[in-house]
Each structure stands twice: as C-alpha cells, then as structure tokens.
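In what follows, a single structure is set out as structure tokens and then discussed.
Just so it is clear, none of the values below were taken in a lab; they were calculated from the coordinates. Just so it is clear, the structure is predicted and the values come from calculations on it, not from any experiment. For neighbour counting, all protein chains shown are included, and Cβ atoms are generated from backbone atoms with ideal geometry for every residue, glycine included.
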Amino acid sequence: MITFLCAGVVLGLSSGFSPGPLMALILSQTLQHGVKEGIKVAVAPLITDFPILLLSLFVLTRLANFRTVLGVISFIGGLFLVKLAYESIRTKKLAMALQDTEPQSISKGALVNALNPNPYLFWLTVGAPTIIKAWTEGPFTAAMYVVAFLGSLVGAKVFVALLVGRSRHLLSDRIYGWLMRVLGVLLLVFAILLFKDGLNLLGFLRL
C-alpha cells in the first residue's frame, strides 16, 4: 500500500503545482478577490475528477481481459507522464497571468477543469489503471491511492493560494523552479514503472 500512497502523493503534488488553466485562475482569483476565492477554485478537482474517474474505470474494466490493450494504455500513460515531467523540469517561473474576473470561483474552477483535457487523459491512462492495480491489494488500498492523489492535488493548489494571498514574494521563482524539477524527476520514475508494466502486459517482459 505504501507504494500506491507514494504514487498518489507524487502525482497529486506534481499536478497540483503544475502551471495550467486552473492554476492561472487560482492566482487570478486570489490576487483580485482574496484567499477564500482562490481556495474555492483549488477544490474544483473534487467536483470534476470523480465523474471522470468513474467513467475511466467503467471503460477500463470492460477491457481488463485484454492485456494488449492495457499494455498500450500503460505506454500511453508513461508517455503522458514523460510529457508532464518535461514540462515540470523546464518550468522556471510561476506565471502570474491575471485576468479581469468576478467571483463565482467554484463554478469557474469546475468549468475550467472540466474543459481541460489533461484530467481525462490522466485518469484514463494513469489514474484508473493504477486504481485497478491497487485493487488487487484490496479496496482500501485503491481508496487510499485516490485519497492521496486528490488530497495532494487540492492541498498543493490551496497551498499556492495561501502563499499568494499572504505575499506574492513568498513563493519565489527560484523555489518554484526547483520544486518543479524535483517533481519532474519523480514523474520520470513513475513513467519508467508504467513502461515496465506495459512491456509485461504485452509479453515482452515476464515478471
């Protein structure tokens, strides 16, 4: 179970701290309307990710007997993590792109996240397959992976909102850059593990 908890935390933190539409909205709402509004945006994944998660599980469990399909999905998930790792490692500055927005932060955050393809790609290629694998150790392990991921994801975004709300200088570009590089390396490790699973499922590697 520890392995799945660590995977959930690393994946959640990397997603939580990564630049993107939701992060830009968190920064914008926090700076213009206060920490409370930024936190409302930060919890948007708790609203949007569960339907995506359930849909991904529904699709993948229908394919659970097709090792070749799951092997290909594992490779796609590995490539997706490599992409995220590359973006994390090359990130040096926390973009503070502000927009002229109004409150209604929860609905805006949910809409931005629902229209972002990354959550769908993550759950279909990485998140849901990991849940299925964790389920072999028991429902509790699978549930703890989901809790670890979503808790770390939302916690990271709430953390950014709190820091930005107190002072935009507390989260310096240098600290943010190093944080993203470390998370990028960890993402590469999990990508390698997915590639290994893919080789095993496709019959190229017997473990």
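Okay, here's what the table says:
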{"item": "Lysine pair number, Cα distance threshold 26 Å (strictly under), the chain, separation 8 or more or different chains", "result": "16"}
{"item": "Hull shadow area, averaged, the chain [alpha-carbon convex hull, nm²]", "result": "11.1 nm²"}
{"item": "Environment charge at Ala110 (Cβ cut-off 12 Å; Lys +1, Arg +1, Asp -1, Glu -1)", "result": "+1"}
{"item": "Around Pro119: net Lys/Arg minus Asp/Glu count, Cβ-Cβ under 14 Å", "result": "0"}
{"item": "0 to 90° range, to nearest 10: angle between helix 2-17 axis and the chain longest Cα axis", "result": "40 degrees"}
{"item": "Residue order, fewest to most surrounding Cβ atoms within 10 angstrom, among Trp123, Trp135, Trp178", "result": "Trp178, Trp135, Trp123"}
{"item": "Inter-label distance for Ile132 and Trp178, nm, one decimal - labels placed 7 Å from Cα along Cα-to-Cβ", "result": "4.1 nm"}
{"item": "Inter-label distance, nm, simple model (7 Å from Cα along the C-beta direction), Glu87/Ala114", "result": "2.1 nm"}
{"item": "Inter-site label distance for Thr61 and Thr3 at 7 Å from Cα along Cβ, in nm", "result": "2.3 nm"}
{"item": "Degrees separating the helix 139-166 axis from the principal Cα axis of the chain, which is the longest one", "result": "20 degrees"}
{"item": "Mean residue ellipticity (222 nm) of the chain, computed from DSSP H runs ≥ 4 via -39,500 (n - 2.57), nearest 500", "result": "-25500 deg cm²/dmol"}
{"item": "Computed over the chain: relative contact order in percent, which uses C-alpha pairs under 8 Å that are six or more apart", "result": "44 percent"}
{"item": "Computed magnitude of the charge dipole of the chain (debye, nearest 20; Cβ of K, R +1, Cβ of D, E -1)", "result": "380 debye"}
{"item": "Loop-exposed trypsin sites (Lys or Arg not before Pro) per DSSP, neighbour cap 15 Cβ within 10 angstrom, longest uninterrupted part of the chain", "result": "94-167"}
